[in-house]
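Below is one structure, written out as C-alpha cells; comments come after it.
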Amino acid sequence: MRQILGIHNAPQAHWVGDGFPVRTLLSHHEHGQQVSPFIMLDHAGPYHFEPTTQRRGVGTHPHKGFETVTIVYEGEVEHRDSTGTGGVIGPGDVQWMTAASGILHQEYHSPAFAREGGDFEMVQLWVNLPAKDKSASPGYQTLMNAQIPQRVLPDGAGTLRVIAGESGTAQGPAKTFTPINIWDVRLHGQKPVTLDVPEGHTLTILVLAGSVKLNGQESVGQSRTVLLARQGGGVMLEAEGEAKLLVLSGEPIDEPVVAHGPFVMNTHEEIRQAMLDFQRGAFGSM
Ligand code: MN
C-alpha cells in the first residue's frame, strides 16, 4: 500500500468572482512537487443560489502555460473563450480548456441556472504543461457525462468514472499532454476497495463528501486532501457511509514551476513576459 505523506485541511472558503464560493484543496504553493503535474484544485460549493437575472461568475480573464479542468456536480456552467469555442455543461460533464500559449475566457453560471437558482457544486483543477508544450495552441474539449465511462467497483463498493487516463479496462475521453488519471469515485459504506495507481505517479485523494478510511488506518473526513507516495502499489479505500472522492494521479513534471495568478510558467522572466503579452493583446479577444 502507498504510504500517506500528509493529510491537509482545507483553508477557509473564498469567492472567485460572484459565482464560485471555493475552498482550495490543492495548491502548488503549499504542496510543491508532491502534487506535480497538478497545480491547484478549487472545490466550489455545495452552495444554494437564489434566482437572479444577473450574470454570476467571472468575466474575461487570461490564462497561460497550463490547462483548466472543470467538473460539474450540480448546477450549470457556461464558458466562452478567445478561440471562439464555448458551451454549457451540467452535472457529470467536464470542460477541459488548454490555455497553453495563452487564452482569454469567461466563466459564468448558465443563464438558465441563474434564472432558476438552485444547488451548485463543481471542481476546477489546474494541470501543468511541460515547458515544451506551454507554447502549444490553446484548445477546448467538452467531455459530456455520456462519454465518460463508469466502472463498477468490485463487491458493490461503488463506482469510478474515468475522466482522464484509465482504470481497469475503462479509458477516459480526455486528451492529455502528460500521463494523468482523473477519477470521480463514489463509495458505499463498509465496502473496502483497492485502487491500483501507476508506479511513479504522484497520488492525491480529495474527499469532497463523506468520510473514508485509507489503507485500513487513517480516517479522512470531508474537505480534506491526502497526499501519497509516488511508489508502493495501490491504495485501499473504505467509506464510512456514502462518500464522494476525486482521485488524481500523474507523472510528475520535473521542471521548476512559477505560478503567479492566472499564469503558470517555468521562470519569473516568463511570468513577466506573459503579463506584457496579455497587456498588449497577444491572447486574442473575446
Ligand atoms: Mn479562468
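The values are calculated or read from the model by the stated rules, or taken from the named source; none is laboratory data. Computed from a predicted structure; not experimentally measured. So basically every Cβ, Gly included, is an ideal-geometry build from the backbone, and we count neighbours across all protein chains shown. Heads up: the accessible areas ignore ligands, DNA and RNA and are worked out on the full protein's heavy atoms, side chains in. Shrake-Rupley method; radii C 1.70, N 1.55, O 1.52, S 1.80 Å.
Just to make sure I understand: if all protein chains stay in place, what is the order of Arg115, Arg280 by accessible area at 1.4 Å, largest first?
Largest to smallest exposure gives the sequence Arg280, Arg115.
Starting from 0 in steps of 5 Å, tell me what percent of the Cα-Cα pairs of region 84-236 lands in each bin.
Using 5 Å bins, I get a P(r) of 2, 7, 14, 18, 19, 17, 11, 7, 3, 0 for region 84-236.
Taking the Cβ of Met275 as the centre, find all other residues whose Cβ is under 13 Å away and add up their charges (Lys, Arg: +1; Asp, Glu: -1).
Its environment carries a net charge of 0.
Please pull out the direction-averaged projected area of the chain, using the convex hull of its alpha-carbon atoms, in nm² to one decimal place.
Averaged projected hull area, Cα only: 14.0 nm².
Rounded to a whole number, what % of the accessible area of the chain do carbon and sulfur atoms account for, probe 1.4 Å?
After summing per-atom areas, the C and S share lands at 49 percent.
Once both labels are modelled 7 Å past Cα along the beta-carbon direction, what's the Ala136-Glu199 spacing in nm?
2.7 nm
Can you tell me which of Lys191, Lys64, Lys244 moves the most in a GNM of the chain? Springs connect C-alpha atoms under 10 Å apart.
Sorting by GNM fluctuation, first place goes to Lys191.
In a shell of Cβ-Cβ distance under 11 Å around Pro130, excluding Pro130 itself, what net charge do Lys and Arg (+1) and Asp and Glu (-1) give?
Net of charged neighbours comes to -2.
Looking at region 143-203, which trypsin sites (Lys or Arg not before Pro) are DSSP coil and have at most 11 other C-beta atoms within 10 Å of their C-beta?
Answer in residue order: Lys175.
Where Lys and Arg each count +1 and Asp and Glu each count -1, what net charge lies around Leu25 among other residues with Cβ under 11 Å from its Cβ?
0
Residues of the chain: accessible area per residue at 1.4 Å, in Å²?
41 Å²
Give me the aspartates and glutamates in straight-line cross-link reach of Lys132: C-alpha distance below 17 Å, same-chain residues under 8 apart excluded.
Here the aspartates and glutamates satisfying the reach criterion relative to Lys132 are Glu67, Glu251, Asp254, Glu255, Glu269, Glu270.
Over the chain, what is the mean sequence separation of C-alpha contacts under 8 Å (at least six apart), divided by residue count, expressed as relative contact order in percent?
Dividing the mean separation by the residue count of the chain yields 21 percent.
Can you list the lysines whose alpha carbon is less than 29 Å from that of Lys213, not counting same-chain residues fewer than 8 positions off?
Reachable lysines: Lys191, Lys244.
So which residue, out of Gly158, Gly139, Gly232, gets the largest mean-square fluctuation from a GNM of the chain using Cα contacts under 10 Å as springs?
Largest GNM mean-square fluctuation: Gly232.
If I model region 1-149 as equal point scatterers sitting on the Cα atoms and use the Debye formula, what is log10 I(q)/I(0) at q = 0.21 Å⁻¹?
Once normalised to I(0) and log-transformed, intensities are -1.41.
Helix-only estimate, please: 222 nm mean residue ellipticity of the chain, summing -39500 (n - 2.57) across DSSP H runs of length 4 or more and dividing by its residues, to the nearest 500.
That comes out to -2000 deg cm²/dmol.
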